[in-house]
Amino acid sequence: MPPVRDHIPVVVQGRGRRARRAGLVGVLWATAELTVTVGVVVLLLVVHQVWWTNRQAAAAAQEQVRALERAWGDDPPPPSPSSDSAPAPAPAPASASPSVSSSVSPSGGPAAVPSSSPPPPAGPAGARERAYAVLRIPRLGLVVPVAQGIDKRAVLDKGYVGQYPGTAGPGERGNFALAGHRNTHGEPFRYVNRLRAGDELIVDMRGRRYTYVVGKVLSETTERDTGVIAPVPRSVVKPEHGYSEPGAYITLTTCTPEYSSKYRLVVWGTLRN
């Protein structure tokens, strides 16, 4: 009878190592697939936000400009103010609430503070959030509709420029103050940092054109610097920037630096006589 030999489970141990190795490879492969999938989804979201919504908003805003110009062409323009008189008040739509001036919060929404300035003249019913004017900046090749209010969804995300509630209308004494996106959603104010003293800011309404001339630029201030949109605009954060005498002003505000809402960039202009 042959001797009985001990069974050495070499083969079993080898299979166990291979099985564990295969399991580890499977986990790593699944993790890699999940990482790639998440990366693709994030990339698609970024493309949608930065590129697609931007194109949609810009296209819709340009269509709104054309619609305004067609409507203005259908009706005879009202009499223009005489050259030796003060500019006639512009029929800007009514603000949503009693007299307020607003800054833009870090999230881009309005943060209202009390103001003594009168509300803009009442406009047609439902005109709040409807474009009523066109802003043209020749230096930037910009043509964009202007609506009342700075609500993100109702105004700014449409690619429009929004008028701060409670600020003066186009051509009026006081401060015609506007806000616009610098990035995404049409980004109408993306290049306002390129504006220089003497550049024109043109505001068209039915039968009227108001031309402002850029005078000063505040490259950076906080989002709560409400002085920049005051009737006589002057920064309360950097008091050396702004104006000291009443007049007819325009103010453009947007976020800075690009792709951030940490600070605000401000451009001021005065009405050309």
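Temperature 4 °C, viscosity 1.567 mPa s: under these conditions the Stokes-Einstein estimate for region 132-198, based on its Kirkwood radius over C-alpha pairs, is 106 µm² per second. Counted by neighbouring Cβ atoms within 10 Å, the residues L201, L24, L195 run from fewest to most as L24, L195, L201. When its C-alpha radius of gyration is set against 2.2 N^0.38 Å (N residues), region 212-258 gives a value of 1.09.
With R₀ set to 30 Å, the beta-carbon distance separating R139 from R66 gives a calculated FRET efficiency near 0.85. By the Kirkwood approach, averaging reciprocal distances over each pair of separate Cα atoms, region 178-229 gets a hydrodynamic radius of 13.0 Å. Counted by neighbouring Cβ atoms within 10 Å, the residues Y249, Y243, Y160 run from fewest to most as Y243, Y249, Y160. Positive contributions from Lys and Arg (+1) and negative ones from Asp and Glu (-1), summed over other residues with Cβ under 9 Å from the Cβ of H241, come out at +2. Each of V267, V134 was scored by other Cβ atoms within 10 Å of its Cβ. Arranged with the fewest first, they read V134, V267.
Laboratory data are not the source of any read-out in this text; all were calculated from the coordinates shown. Everything numeric here is computed off the predicted structure, so don't read it as measured data. No Cβ is skipped: glycine too gets one built from the backbone with ideal geometry, and neighbour counts run over all protein chains shown.
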